[in-house]
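A.B. asks: Here it is, the structure, as structure tokens.
The values are calculated or read from the model by the stated rules, or taken from the named source; none is laboratory data. Remember, predicted model here, so these are calculated numbers, not experimental data. For neighbour counting, all protein chains shown are included, and Cβ atoms are generated from backbone atoms with ideal geometry for every residue, glycine included. Note: areas computed on protein heavy atoms with side chains; ligands, DNA, RNA excluded. Shrake-Rupley method; radii C 1.70, N 1.55, O 1.52, S 1.80 Å.
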There are 4 protein chains.
Amino acid sequence: MTRLKLGMVGGGQGAFIGAVHRIASRIDGRFELVAGALSSDPDRAAASAAELGIASSRSYASYEDMATAEAARPDGIDAVAIVTPNHMHAGPSAAFLNAGIHVICDKPLAASNEEADAIKAAAETSKARFFLTHNYTGYPLIRQARAMVARSDLGQIRLVQAEYAQDWLTEPLEQDGHKQAGWRTDPTRSGAGAIGDIGTHAFNLANFVTGQKVQVLSADLQSFGAGRKVDDNAHILLRYEGGARGMLWASQVAVGCENGLRLRIYGDKGGLEWAQENPNHMSYTRFGEPKQILTRGGAGTGPDWTRIPPGHPEGYLEGFATLYNDIADVISSGTDNALIPNLQDGLDGMWFIAAAQSSSANDGAWVGR
Amino acid sequence: MTRLKLGMVGGGQGAFIGAVHRIASRIDGRFELVAGALSSDPDRAAASAAELGIASSRSYASYEDMATAEAARPDGIDAVAIVTPNHMHAGPSAAFLNAGIHVICDKPLAASNEEADAIKAAAETSKARFFLTHNYTGYPLIRQARAMVARSDLGQIRLVQAEYAQDWLTEPLEQDGHKQAGWRTDPTRSGAGAIGDIGTHAFNLANFVTGQKVQVLSADLQSFGAGRKVDDNAHILLRYEGGARGMLWASQVAVGCENGLRLRIYGDKGGLEWAQENPNHMSYTRFGEPKQILTRGGAGTGPDWTRIPPGHPEGYLEGFATLYNDIADVISSGTDNALIPNLQDGLDGMWFIAAAQSSSANDGAWVGR
Amino acid sequence: MTRLKLGMVGGGQGAFIGAVHRIASRIDGRFELVAGALSSDPDRAAASAAELGIASSRSYASYEDMATAEAARPDGIDAVAIVTPNHMHAGPSAAFLNAGIHVICDKPLAASNEEADAIKAAAETSKARFFLTHNYTGYPLIRQARAMVARSDLGQIRLVQAEYAQDWLTEPLEQDGHKQAGWRTDPTRSGAGAIGDIGTHAFNLANFVTGQKVQVLSADLQSFGAGRKVDDNAHILLRYEGGARGMLWASQVAVGCENGLRLRIYGDKGGLEWAQENPNHMSYTRFGEPKQILTRGGAGTGPDWTRIPPGHPEGYLEGFATLYNDIADVISSGTDNALIPNLQDGLDGMWFIAAAQSSSANDGAWVGR
Amino acid sequence: MTRLKLGMVGGGQGAFIGAVHRIASRIDGRFELVAGALSSDPDRAAASAAELGIASSRSYASYEDMATAEAARPDGIDAVAIVTPNHMHAGPSAAFLNAGIHVICDKPLAASNEEADAIKAAAETSKARFFLTHNYTGYPLIRQARAMVARSDLGQIRLVQAEYAQDWLTEPLEQDGHKQAGWRTDPTRSGAGAIGDIGTHAFNLANFVTGQKVQVLSADLQSFGAGRKVDDNAHILLRYEGGARGMLWASQVAVGCENGLRLRIYGDKGGLEWAQENPNHMSYTRFGEPKQILTRGGAGTGPDWTRIPPGHPEGYLEGFATLYNDIADVISSGTDNALIPNLQDGLDGMWFIAAAQSSSANDGAWVGR
């Protein structure tokens, strides 16, 4: 087994999601981090690289330099993880795609439709692949749910209740110099508030599990935080192409909620309920029968996307790692895997953001594709 | 202690909610059931009365006879419970109010606005009182929640997430001669589907706890059951007069949900979460502190609306009984009690039903009062 | 339907369990409380009777007077509820049994074996019946569990894990004049501490569900409360006649536990888990299959011992009321009902208390019957 | 940052815990696996090494060869993970300790006291360290609990209720050639059944959190599986040196339990409850106050042993990885860390196993140290 060579753009000291990508890439031992443009601040970039054991010769001052140099090396990176704020996804994505290097990009796709288009254009002309880390799709029971819907265990899907509730922006943290709150509530860097940061996850997850796309939506967005420039709460009604109706709630001001991503799906034959904070259990009811508690890897589940026996909880990092593991398979084998979120998922998320903003600005008018 | 004399309209053999009212009226020993017009079918009425120990002389063939006769007796009933289908609330309510007998009416207020107006007119000219059994307000922790909101434990209320999910109408039960499904899905007898039968409960409960009224709403109603003539699922966005935003989901086709009434309320200082199926626990979080689990009658709660110590679960019937107990106090003492749902709550519920139907028919347009 | 006439011994103002019996007797409308010797304090007895609507002519100064007078009346009571402290069970029980009046006695049977023997002697010569309110057997899902074990859904029973944990005696409340703590920690009035007050409930419940009796036990009792004269924590190992092994934990000093009665039973084919604080759910696993959540009255359960549909929680009082309802059936019909705890259950409980005390005093030696 | 060089003994294809150690060693990027004696079967050893990217020159046919060769290399391993069945811990441990290489050994310490003594002897004369992977101590909330007990948040500890329930040996799996069941139920390879395999974890965890050692115990062991040669269920009473009393239940035949390690600790001021299957939540009650739900990294917790924010669940592998991370710190810095289980913990576990077996063989007699 040879490890794939991984680079990283962003993720220097003080960042959040970069460290998550690094752990996720290590868990199954398929990647080795060997290069990076870890920060736009050169000192921080160098210090971060040293801390991570990246050779100084492969710690770059800019992603452009990195793309050029790594593409030119015989031992250059196979893939790059892009873990910068949203408005900094497009530049690096295009640069590496153009250099023929696979891109693993954090979500949402971009901070604007123009940026999203730029990524799309680069992806269409590159032989390299583009992956989007909607990491919650890597949870074993989410994949289980998708398989169950696909094989009609729930019958015709009628209802999709998705929610993602947090409370960390209850107070205007961005005014206290909080780094994460800063860029995530800055429209120029994030492009949107709760709907982009967490709403796209809920939206993507519902699509992933149901296999259905949303046709139209009606949204009521709100900023509760004093002086906040983006939405911190979103109430959205959805209609799916297959006839299902849905609700999506995304909030960063729901006091007492930590990372409350929750999905409930009901068809005419069965229902499923899953919550991210206890991801190793999912309830499943066949109409007229007792509710069952399916456990990750437990009786009645499979095939398996898990590492350890039921009862030994896997968590957020393992779900994330499963994406990295799948990506390694795809890169190594050249085959496809429909379970890995891709450019189209990113574009769907961009539509979701824009449609929600537009609907809300128009008094909740239904907005289609 | 003398027991109040209670009559009942509806609730004969085969009915559901009548038996609930009877148990609720007995639990605290404040009422004695002595008269009834238990069924429009004379044989059933007589048999039901005999079964319940009502003297045959006080088992009436019609509510009109009963109102007249009981008003004329020196030992006539103090109050009557009206537990008929929705379209049969107005007639008896008006008759007993006009006869000076207090009315305890099941919800929703009526099947049409005309009927609701008739009740209102009768109530306005009667010295007798009108009570509406939105029984979930009788749960001790719901009253605890209301008190906490009122004393600003949650700060300024921002979000109201209410839901009431069942699955008993997943299949078109009304086509199989199912009595409850029959009238509850018949627009002429019920006036509405899920929004009336359970949506009004969720709507009322949110108002009760927050002390805020809804200003406008936007609704997406749907009938999933084959051939169903009323809504069996409702997705509704709400805006409260105090600035809060809300979502309300009512469904009778959510497979695996039994009686999933759930209320979550978030302010800028705290959050509360409660679910009817485990009503003796409520989670409460002050922003930045660990979540607390408040228990009925337990530490940090009170004053008390409960009978037995924490850990000895009270349920649906005790919550219902608390309304009856409070009503007995009000009748006996002539004082008021703002905790008991009344005519205005019934009218608010009628607005909710009409507004949701109108909004849904108009593509989700916001509808105000 | 005619109501049975009920008397009560004990249960005056300030008592706890008397009020519970009264509510339980009212819920299904099968009893009417018409007589009482509610307190050994004559003033309190009279005041309590008045409050409860008992005619002053049937409020007695002593249980002896009451037994004599009620037996002599043509409209005398059918049954008496004995809700005094443990050491006051035997006198009234014998008096009413001797008078031919059915006895509904609170648990445990008595404070001493001598008292228990006196009850036994009276019961053996009386045509009246003796019922013991191990009320937790009235929970619908406990009866469901018993039926499942009886029909071998769990296979051969291997393990019984019973516990009953409270925290109300964490501090030496009995030294502050707390009435309930006073008699319950006084060996002359209670006969035992946690093992008698709550341990017997757990013991009885395990026997009820498994249909097996304990053959031998080994106990480690402890008094943690400063100056406490009875056990407030019991750790007990059990061996059942059918080969099962068990653990029983009873505690009144487990901080954070309100009324944590919990039963887990495992056989070679299946397992059941139930907890009293959320009594409307029980988990059931067939070996090798997903865990199921059985709900009171829900799919996969029955026959029914419940009043309202699944999802509408019933609680402690309804379970208690089911005993009263069953007792009413037995008294009215003269038939038997093996589901109602009786004298033998009381004697088994007395053995349990004595064996636990003896074992603990002998360094945990196994004690048999 | 330089990675420590890690070797492994055992853990070839088909093994279970070896893969867990490898993931745990990778998560925080502190180790690199470079050498192994992965199987006693040479072909399997070579194939396993190749699969893991270990150079064939460092894939050894025996642990003796490996210890000698690696000690001699300038770039030899810093530490070795020993992940063989219990009876194969002593040989490799002694060999590597004697070679001056740090040992990370899976639990329990050994299959016999003689083997344990051999490890002890080697450790006492080696400058290298010995670590034992009682991995559950790595869970952040377990460390939180330990800190809370140490700072007297719970007051004087009174009660320790520990349990570890599984169901995978409900049927005699060892007779079907199941590899894990095979050695784990073979007394010569495992030394004990449930008490060794999982009971030692529960025992260790209780000691870890309370900071108290068990003084005496009384045990009732049982083999329910047909033809099983070791215990598959253990019921144990404990008395702690500090005056606390405890119960410990370990079972591999509790149908419906996956990996039910659970710890409940009660003092005279507070109580804690934690369950491994949902390890990111712990309930904490101060006597007389509402129960709190502490979350990993959430409000009211810390200092931190976690990687990602509250609400993003960490699991079994992260807890395990925390031990590896701590071990890396200790090896790198030469300092100590009382949080890492060590030889003494292993010896305590051996006492626990022997005492439980002896007590059970002597009819539950209390056995001391």
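A.B. asks: Once each part is reduced to its C-alpha centroid, what is the distance from the range C:53-100 to the range C:167-238 in angstrom?
C.D. replies: Comparing the Cα centres of the range C:53-100 and the range C:167-238, I get a distance of 28 Å.
A.B. asks: Leaving out ligands, DNA and RNA but keeping every protein chain, what accessible area does B:LYS120 have, in Å² rounded to the nearest 10, with a 1.4 Å probe?
C.D. replies: Accessible area, nearest 10 Å²: 80 Å².
A.B. asks: For D:ALA275, go 7 angstrom from Cα along the Cα-to-Cβ vector, then report the distances to that same point in the other copies in nm, smallest first.
C.D. replies: Distances between equivalent label points, in nm: 0.6, 1.3, 1.3.
A.B. asks: In the range B:4-132, if every C-alpha pair distance is counted and binned at 10 Å from zero, what percent goes to each bin?
C.D. replies: 15, 50, 32, 4
A.B. asks: Also: Measure nothing fancy, just the Cα-based angle from helix B:140-150's long axis to the longest principal axis of chain B, in degrees from 0 to 90, nearest 10.
C.D. replies: With both axes taken from Cα atoms, the answer is about 50 degrees.
A.B. asks: Treating the Cα atoms of the protein assembly as shown as identical point scatterers in vacuum, please give the log10 of the normalised Debye intensity I(q)/I(0) at q = 0.05, 0.08, 0.09 Å⁻¹, two decimals.
C.D. replies: Computed log10 I(q)/I(0) values: -0.43, -1.07, -1.31.
A.B. asks: Roughly how large is the C-D contact in terms of buried accessible area, totalled over both chains, probe 1.4 Å, nearest 100 Å²?
C.D. replies: Details: alone 15260 and 15240 Å², together 26780 Å².
Result for this pair: about 3700 Å² buried.
A.B. asks: At q = 0.20, 0.21 Å⁻¹, what base-10 log of I(q)/I(0) does the Debye formula yield for the range D:270-369 when every alpha carbon is treated as an equal point scatterer in vacuo?
C.D. replies: Values returned for q = 0.20, 0.21 Å⁻¹ are -1.04, -1.06.
A.B. asks: Nearest 5 percent is fine: what portion of the DSSP beta bridges confined to chain B is antiparallel? Show your work: numbers first, answer last.
C.D. replies: On the way: 40 of 65 bridges.
Percentage antiparallel, nearest 5: 60.
A.B. asks: A further question on this structure: To one decimal in nm, how far is C:ALA147 from the same spot in the other copies, if labels go 7 Å from Cα toward Cβ? Please give the shortest first.
C.D. replies: In ascending order, 3.6, 4.0, 5.1 nm.
A.B. asks: Moving on. How do A:LYS179, C:LYS127 rank by accessible surface area computed with a 1.4 Å probe, from largest to smallest?
C.D. replies: Of A:LYS179, C:LYS127, the descending order of accessible area is C:LYS127, A:LYS179.
A.B. asks: Follow-up. So which residue, out of C:ASP75, C:ASP304, C:ASP231, gets the largest mean-square fluctuation from a GNM of chain C using Cα contacts under 10 Å as springs?
C.D. replies: Of the options given, C:ASP75 has the highest mean-square fluctuation.
A.B. asks: With only alpha-carbon atoms in the gyration tensor, what are the semi-axes of the equivalent ellipsoid for chain D, in Å, largest first? Spell out each step's value before the answer.
C.D. replies: Numbers: eigenvalues 211, 128, 72 Å².
Each semi-axis is √(5λ); the values are 32, 25, 19 Å.
A.B. asks: As a test, work out the antiparallel percent of DSSP beta bridges whose residues both lie in the protein assembly as shown, rounded to the nearest 5.
C.D. replies: Details: 166 of 266 bridges.
Taking every DSSP beta bridge with both residues in the protein assembly as shown, the antiparallel ones total about 60 percent.
A.B. asks: For the residue pair A:THR335 and B:ALA72, what label-to-label distance in nm results when each label sits 7 Å from Cα along the Cα-to-beta-carbon direction?
C.D. replies: It is 8.8 nm.
A.B. asks: With angles folded into 0 to 90 degrees, how steeply does helix D:42-51 sit against the dominant principal axis of chain D? Use alpha carbons for both and round to 10.
C.D. replies: 80 degrees
A.B. asks: Can you give the accessible area of D:GLU174, probe radius 1.4 Å, in Å² rounded to 10?
C.D. replies: Roll a 1.4 Å probe over it and D:GLU174 shows about 40 Å².
A.B. asks: I've got another one for you. Give me the inter-chain shielding for C:242-254: mean count of other chain Cβ atoms within 10 Å, whole number please.
C.D. replies: Working: counts 0, 2, 2, 8, 3, 9, 1, 6, 0, 5, 0, 7, 9.
Counting Cβ atoms of other protein chains within 10 Å of each residue's Cβ and averaging gives 4.
A.B. asks: Relative contact order for chain D: what percent, with Cα pairs under 8 Å and sequence separation of 6 or more? List each step's numbers first, then the result.
C.D. replies: Working: 828 pairs, mean separation 67.0, N = 369.
It comes to 18 percent, rounded to a whole number.
A.B. asks: Here is a further query. One decimal, nm, shortest first: give the distances between the label point of A:GLY182 and those of the same position in the other copies, each label point 7 Å from Cα along Cα→Cβ.
C.D. replies: Distances to the matching label points in the other copies: 5.9, 6.7, 7.0 nm.
A.B. asks: OK, next. Specify the angular offset, from 0 to 90 degrees and rounded to the nearest 10, of the alpha carbon long axis of helix B:316-333 from the longest principal axis of the alpha carbons in chain B.
C.D. replies: That helix lies at roughly 60 degrees to the long axis.
A.B. asks: Looking at chain C as a GNM with Cα springs under 10 Å, which of C:PRO303, C:PRO140, C:PRO92 has the largest mean-square fluctuation?
C.D. replies: With Cα springs under 10 Å in chain C, the top fluctuation among C:PRO303, C:PRO140, C:PRO92 is at C:PRO303.
A.B. asks: Run the helix sum for chain D: -39,500 (n - 2.57) per DSSP H stretch of 4+ residues, divided by residue count, reported at 222 nm to the nearest 500 deg cm²/dmol. Before the final figure, lay out the partial values.
C.D. replies: Values: 11 runs with 122 residues, N = 369.
-10000 deg cm²/dmol, from helical runs alone.
A.B. asks: May I ask you to evaluate 6.51 cos²θ - 1.76 cosθ + 1.60, the Karplus curve with θ = phi - 60°, for each residue of the range C:261-271 and list the ³J(HN,Hα) values in order in whole Hz, giving x for glycine and proline?
C.D. replies: For the range C:261-271, the Karplus curve yields 7, 9, 10, 10, 10, 10, x, 7, 10, x, x Hz.
A.B. asks: In vacuum, with every alpha carbon of the range D:66-185 counted as one equal point scatterer, what does the Debye formula give for log10 I(q)/I(0) at q = 0.11, 0.16 Å⁻¹? Two decimals, please.
C.D. replies: Taken in order of the listed q values, log10 I(q)/I(0) reads -0.57, -0.94.
A.B. asks: I would also like to ask the following. What three numbers, in Å, describe the spread of the alpha carbons of the range C:107-148 along their principal axes, ordered from the longest?
C.D. replies: The Cα atoms of the range C:107-148 stretch 35, 25, 14 Å along their principal axes.
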